[in-house]
1. Just order 7-18, 76-87, 27-38 by mean Cβ neighbour count inside 10 Å, highest at the front, would you?
2. Stretch GLU99-CYS72 to full length: gain in nm at 0.36 nm per residue minus the Cα-Cα span?
3. Rg/Rh for segment 9-48: what does it come to with C-alpha atoms and Rh from Kirkwood?
4. Could you rank the peptides 89-95, 19-25 by their average count of other C-beta atoms within 10 Å per residue, with the highest value first?
5. Given R₀ = 30 Å, what would the calculated FRET efficiency be for PHE54 paired with GLN113, taking r from the Cβ atoms and rounding to 0.05?
6. Please give the contour-minus-distance gain from ALA2 to SER28: 0.36 nm per residue of separation, less the Cα-Cα distance, rounded to one decimal in nm.
7. Among the lysines, select those whose C-alpha is under 28 Å from the C-alpha of LYS97, and discard any that sit fewer than 8 residues away in the same chain.
Amino acid sequence: MAAIRRLGGHSTADQIYEAVKHSYPRVSLGTIYRNLRVLCDRGQIREVKSGANFSRFELAGPRHYHLICRVCGDIEDSAFPVDGSLDEKVQATTSFKVEHHRLDFIGLCSRCQTQTHDRTHAEAHTEVSTAEAFVGTSGD
Ligand SMILES: [Zn+2]
Ligand SMILES: [Zn+2]
């Protein structure tokens, strides 16, 4: 927990492991994963899928949309406000009980944009995004 807060933003399990190892040299990566899982289940942290082959974790706070770089997997928080009315609109179309939604915007981070000058301009433009399921939990 403290390690995630200290790292700030969206950390991978590896980064959290490295940070925790400073204080607890005997901790294993498996333990880190288990603890992350427990914290997720308790709702204290959130897992953020970056589309890359690893997940990142952030402290559970106000919901926000994510900007995900498809090249380096970097995740930024979007300042765009979460649209709660979407839940109701989707709810109106289904018997599924919508509780909240997630939305990721996929594209290139500022760093990767400058590194891909050889690509066409159009390609560097933010790709369409939408997606990610509507997740419903039974709310223990
Ligand atoms: Zn990037
Ligand atoms: Zn975030």
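Values in this text are rule-based calculations from the coordinates and carry no lab data. These figures come from a predicted structure and were not determined experimentally. Every residue, glycine among them, receives a Cβ derived from its backbone with ideal geometry; neighbour counts consider all protein chains shown.
1. Sorting 7-18, 76-87, 27-38 by mean packing, highest first, produces 7-18, 27-38, 76-87.
2. Contour length minus Cα-Cα distance gives 6.6 nm.
3. Here Rg/Rh amounts to 0.96.
4. Going by the mean number of other Cβ atoms within 10 Å, highest first, we get 19-25, 89-95.
5. Taking R0 as 30 Å, the efficiency between PHE54 and GLN113 is 0.85.
6. 7.7 nm
7. LYS49, LYS89
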